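Novice: The structure under discussion is supplied below as structure tokens; questions concerning it will follow.
The values are calculated or read from the model by the stated rules, or taken from the named source; none is laboratory data. No experiment lies behind these values; they were computed from the predicted model shown. For neighbour counting, all protein chains shown are included, and Cβ atoms are generated from backbone atoms with ideal geometry for every residue, glycine included. The accessibility values were calculated without ligands, DNA or RNA, using every heavy atom of the protein model including side chains. Shrake-Rupley method; radii C 1.70, N 1.55, O 1.52, S 1.80 Å.
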Amino acid sequence: MEITRERTMELLREHNRDENHIKHALAVEATMRHFARKFGEDEEIWGITGLIHDLDWGKTQDDPEKHCHLAPEWLREAGYPDEIIRALQSHGWGICTDVEPKTLMEKTIYAIDELTGFIVAVALVRPSRSLQDMAVKSVKKKWKDKRFAAGVDRSVVEKGSEMLGMPLEDLISDTLEAMKPVEKEIGLGE
């Protein structure tokens, strides 16, 4: 069976009912597609990986240690390739899995997963609630305030930035630009 975005979205919705979770998946998908283009990689595989990365979160959010442990079996049964399954597992490295990001796709999803959520949090406290008028310096200012979006593990983003050999400012800039086209779908803007 062919792996398509539509099929992946159906699978995601089958296992997740929370619309905020779906919005997060869309933000990560858009960001992964952006980086695939930037790095000359397969945009469809990277996008599907971003869309499906938290597949089991709806079932594991009350027991985060189990996150990234149910989804691999579901994806194997559905015929997804090992590169997507391993990338899904690696985004939880050091948090809920011991699967270290090795490939460029794995390092990218590890670096941007928490960052997309942080950028959404910054947008939500802005008068415009938009990404369109947000600058990297706005994100960096909030980044320094450890009380703001305290649930975002900044060390994961920083470690991911190092893995990619990208300055944090560049990672933020690329992620912000990647999310702008899907602003409405992820519940931002006017």
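Novice: Tell me, which residue of the stretch 126-157 that is of a type in the set (Gly, Ala, Ser) and farther than 14 Å from GLU169 by Cβ is surrounded by the most Cβ atoms within 10 Å (Cβ to Cβ)?
Specialist: Across the stretch 126-157, the extreme among qualifying residues is ALA149.
Novice: Still on this structure, I have one more. Do we find that LYS102 is surrounded by fewer than 21 Cβ atoms within 10 Å (Cβ to Cβ), at negative phi and under 13 Å from the mean Cα position of the chain (by Cα) in this structure?
Specialist: no
Novice: Kindly evaluate GLU2 against the criterion of being open to solvent by 30 Å² or more (accessible area, probe 1.4 Å), within 16 Å of GLU106 (Cα to Cα) and either touching a residue at least 12 places away in the same chain (Cβ under 8 Å) or outside any helix (DSSP H, G or I) (or both).
Specialist: No: the conditions fail for GLU2.
Novice: Test ASP174 against the stated conditions and say whether it is farther than 21 Å from GLN61 by Cα, open to solvent by less than 30 Å² (accessible area, probe 1.4 Å) and in contact (Cβ under 8 Å) with a residue 60 or more places away in the chain.
Specialist: yes
Novice: Please go through the stretch 88-108 and give me each residue that is under 14 Å from LEU164 (Cβ atoms) and out of contact with any Phe, Trp or Tyr (no Cβ under 8 Å at 6 or more places or on another chain), ordered by number.
Specialist: If the condition is that a residue be under 14 Å from LEU164 (Cβ atoms) and out of contact with any Phe, Trp or Tyr (no Cβ under 8 Å at 6 or more places or on another chain), then LYS102, THR103, GLU106, LYS107 are the ones that fit.
Novice: Let me ask something else about it. From (1) in contact with a Ser or Thr (Cβ under 6 Å, 6 or more places away or on another chain); (2) open to solvent by 10 Å² or more (accessible area, probe 1.4 Å), pick out the condition that doesn't hold for ILE112.
Specialist: Checking ILE112 against (1) in contact with a Ser or Thr (Cβ under 6 Å, 6 or more places away or on another chain); (2) open to solvent by 10 Å² or more (accessible area, probe 1.4 Å), the one that fails is (2).
Novice: Can I ask one more? Spot the failing condition for GLU73; the list is (1) in a helix (DSSP H, G or I); (2) of a type in the set (Asp, Glu); (3) surrounded by 13 or more Cβ atoms within 10 Å (Cβ to Cβ), and only one is missed.
Specialist: That leaves (3) as the condition not met.
Novice: Given the criteria in a loop (DSSP other than H, G, I, E, B), open to solvent by less than 60 Å² (accessible area, probe 1.4 Å) and acidic (Asp, Glu), does ASP54 qualify?
Specialist: Yes.
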